[in-house]
Every structure is written in C-alpha cells, then in structure tokens.
Amino acid sequence: MSSRRLVPHLAGLGTTIFAEMSALAVSTGAINLGQGFPDVDGPRSVADAARQAIRDGRGNQYPPGPGVPVLRQAIAAHQQSTYGIALDPDSEVLVTAGATEAIAAAMLAFVDEGDEVIALEPFYDSYRATITMARGRCVPVRLEPPAFRLDPGRLRDAVTDRTKVLLVNSPHNPTGAVLSEAELSLIAQVAIDHDLIVVTDEVYEHLAFDEPHIPIATLPGMAERTVTISSMGKTFSFTGWKVGWVSGPASLVDAVRTTKQYLTFVSAGPFQYAAAHALTTEMGWVEDLRQSMARRRDLLTDGLTSLGLDAHRPRGTYFVTTDVRPLGWDDALAFCRALPERAGVVAVPCSVFYESPGPGESALVRWTFSKQEHVLEDALSRLAAADLS
Ligand code: PMP
Ligand code: GLN
C-alpha cells in the first residue's frame, strides 16, 4: 500500500541498503561490516558534556535556528586552524541534523525542476534520493575501479547548460578514494568555467590515511561558490547524535538555512554543546582514531586479499571495496544477501550506488573496517571457514 502512495518520482528508491543489511545482521546474529558505524563510542568527555548540558538546561528548549553560537564558533575555529579557512560564525556556518539533512537542505535549496547535479559514481545513496526529491536530475561521473580515479574527459562531458551543482565527496564513500589535488583542481576549473555551485561532502575529512585532506573550498576561486558539509558522526564516533554542519559564503549558507528551517527547524540542542566541546578539546583523540583506523584498514584489506578477493587499499573513510567475481559471483546484492547465512558476516553491495552498474560494478562489495580489531579478525576467520563460492 505504502509504495502505491509514494509519489512516482520517488518510486524505486525503496528502503536504504544500510537499513536492509543492518536488519539482516540483527536477525541472523552476523557481524555487521555493512552499515558504517563504529562499535566503540567517542570520547568520554564528549558524552559527559552532553549529559551536563541536559542537566544544566542548555539546549533542552529550541536552540537558535542556525545552531547554538558556541558550536558555530567552534566550527569556524576548526576550519581556520585546520585548513586556514576564515568564516564568520554568524553568517557563514549553519548547524544541521547530521550531514544527511545538510545534503537534503542543500539540494532543495539549489536544485530546481530539471536542473542537473553531477555526482561522482558510485555515490552515497542520499545524493540521488535528495536530488530526485528536488525534481532534479542526477548525472553520474564514474570513478573507474579498481583505483577509482576521476577521468577529466568524463567530467567535462557531463556538463550541460542545465548543470547547476557539482556534488563532490572526498574521502569518498563507498570507494575509499581520496581526491588528489590535481583532481580537485580539475573539478574547481570546471565549476569556475561553467559558474557552478560546488557542494562538497567532507564527513570523512579526518579519516584520510595516506595524505592530508584538502577541502575544495581552499582552492583558488572556490570559497565563493562552495558549500562544505561535515558532521561529528565520523570525526568523533557518535554517529547516532546527528550533529552536522554547513559552511561557506553567506548567500549560499543562507539558502540552505532557508530550506533547513522547514525540514527540522532546529537540531538537537544538548548535543550541539557537546559537539562544541569535542571540536575545541578532543582533536588529539581524533588523530588517534585516524591512526587506529588506518591499521584496521590494513587488517581488513590484507585479510580480504588473502581470501582471494580483489581488494583495492582505500586511502580514506571506513570502507574497502572488493570484486567478488574471483569467488564466482557476478551479483554483489545476491552475494551480500547470502553472506550472513554462509559466513555470519554482513557487507553492502556497491551495485546499489550506481545508476546502471556494468559487469565490474555489479560485483563490487563494500566492507567496513570501523570495528574493533578482534571483531575484524573474527569476521575474517568466519569468511575463511565458509564456503563462499
Ligand atoms: N555523507 C556520507 C558520504 C556518509 O558516509 C554519511 C554517513 N554518515 C553521511 C553523509 C551522513 O552523515 P550523518 O550521519 O552526519 O548524517
Ligand atoms: N555512512 C554510513 C554508511 O555509508 C551510514 C549510512 C546510513 O546509515 N545511512 O554505511
């Protein structure tokens, strides 16, 4: 019944793969290497700051629409000290209900019916969904496995006179690729040449393992056309808190604020105070997380490779992708649906992150290493013991 009531332009988006696979992990008792979230919470002092804010009555009633001032100031200070980006916390920073709301609010703000949004494929599932909700058209530019590099010709060819937004994501989910300075410069040049808005999803900014993360807003000519999105979920291992933020020039941030206020009006108050505490006092913890996540990246990538899967070592994020054709599977979705029964492990098919996957893409599977080492080792032993063919 509900699907018959869904407006036609959203039909086909269905249940997110993350919900399906996490439910499968719960119902089968399998180890969940599907949906990306850590199995150890973030810093104790940050959890204490949230408790304290609730006890002190800070944020228990509607906080200001753009976010509590202390958090906006902390976000501006973080962008300044980490990347040298200067922001006015009052007009150039907006707090959202996670990066997810920021993405939706940005698409609803910038995309009109028929406008085209270029996104790097495979893409995070909310991109196509929210572009569709705005009645826009998602135009994929494919990053080719196994290295998932950006092809300059493909990017230039994707631009038309209907292109409005370039949606960037680095470090990139699901591939784990980190865009190089040359790739970012290419994107910047295309945006400038065609006067496009760039929306950049940088939620994994502190999970780049092999090179420093470069915000595209720092490239020449980009600050004035770029909306940068991040959140505390991945940086501080509190994915359930849903505190995200948008920063950029006042006119663009104001457009996102306009749509955000009719989505959630404001985001959870006490967690905003805790996020401000996290950004000002726990960046050392974040660096430790990055190093430990890099070790876990190696553990899972090496382990999957030794099982005969074609794994490409990711340079960032929580995720490694593998090609399951060496095991005799062409269809990653079928593989992932069978995996809990066969091996007691859950993974996510990358095929769902493509508009129309070719044979190589249809067999790509994403595994998260955002779990404790002993959990990853257990998952690898289960995979080694199972009949996966
Ligand atoms: N963008 C990407 C690329 C993600 O992987 C995620 C998942 N956390 C999000 C956005 C959503 O972030 P949040 O949980 O802050 O809404
Ligand atoms: N970002 C996480 C992932 O890609 C979680 C996504 C979600 O739960 N919507 O797995």
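With distances taken between every two different alpha-carbon atoms, the range 1-80 has a Kirkwood hydrodynamic radius of 17.3 Å. Here each label is just a point 7 Å from Cα along the line to Cβ, and for V40 and E181 those points are 3.4 nm apart. Residue separation of S91 and S292 scaled by 0.36 nm, minus their Cα-Cα distance, works out to 68.8 nm of gained length.
Scalar couplings 3J(HN,Hα) for the range 101-108, obtained by applying the Karplus form with A = 6.51, B = -1.76, C = 1.60 to θ = phi - 60°, are 5, 4, 5, 4, 5, 5, 5, 5 Hz; x denotes Gly and Pro.
Taking label positions 7 Å along the Cα-Cβ direction at both D210 and S81, the computed distance is 3.0 nm, reported to one decimal. Over the chain, dividing the summed -39,500 (n - 2.57) contributions of all DSSP H runs of at least 4 residues by the number of residues returns a 222 nm mean residue ellipticity of -13500 deg cm²/dmol. Taking amide H as placed 1.01 Å from N in the peptide plane, R142 has its amide H under 5 Å from the amide H of E121, each at least 5 places away in sequence or on another chain. Size of the chain from its Cα atoms: along the principal axes, largest to smallest, the extents are 57, 52, 49 Å. Distance from the Cα centroid of the range 106-163 to that of the range 292-347 is 26 Å (rounded to whole angstrom). A simple charge model with +1 on the Cβ of Lys and Arg, -1 on the Cβ of Asp and Glu and nothing else charged puts the dipole of the chain at about 900 debye relative to its Cα centre.
Springs between Cα atoms under 10 Å define the GNM used for the chain, and in it the highest mean-square fluctuation of Y124, Y83, Y262 occurs at Y262. Classified by the C-alpha gyration tensor, the range 298-389 has an oblate form. Its axis ratio a/c, with a ≥ b ≥ c, is 1.5 or above, and a/b does not exceed b/c. Proximity of backbone amide H atoms, modeled 1.01 Å from N, is registered between G67 and V95 at under 5 Å, excluding neighbours fewer than 5 places apart on the same chain.
Listed cross-link partners K164/K242; K260/K371; K164/K260 are compared with a 25 Å cut-off, the Cα-Cα value being larger for K164/K242; K260/K371. From the residues L6, Q35, V253, which one has its Cα farthest along the dipole of the chain in the positive direction, the dipole being from +1 and -1 charges on Cβ of Lys/Arg and Asp/Glu about the Cα centre? Highest projection toward the positive end goes to L6. Of G244, G57, G136, the residue with the greatest mean-square motion in the GNM of the chain, using alpha carbon springs below 10 Å, is G57. Using a cutoff of 8 angstrom between alpha carbon atoms and counting only pairs six or more residues apart, the relative contact order for the chain works out to 24 percent. Residues in the range 7-12 carry Karplus couplings, in order, of 4, x, 6, 9, 4, x Hz; the curve used is 6.51 cos²θ - 1.76 cosθ + 1.60 with θ = phi - 60°, and Gly or Pro positions show x.
For the chain, the longest piece that avoids every one of the GluC sites (Glu not before Pro) found in DSSP loops with at most 16 other C-beta atoms within 10 Å covers 114-354. Restricting attention to the chain, close to 50% of DSSP beta bridges with both partner residues there are antiparallel. Computed from phi, the 3J(HN,Hα) profile of the range 152-161 under the Karplus parametrisation 6.51, -1.76, 1.60 (θ = phi - 60°) reads x, x, 4, 5, 4, 5, 6, 7, 10, 6 Hz, with x in place of Gly and Pro. GNM remark for the chain: springs join alpha carbons under 10 Å apart, and the peak mean-square fluctuation among S231, S370, S91 falls on S91.
Just so you know, all these numbers are worked out from the coordinates, no wet-lab data involved. Bear in mind the structure is a predicted one, so any value in this text is a computation, not a measurement. Every residue, glycine as well, gets a Cβ built from its backbone with ideal geometry; the counts of neighbours run over all protein chains shown.
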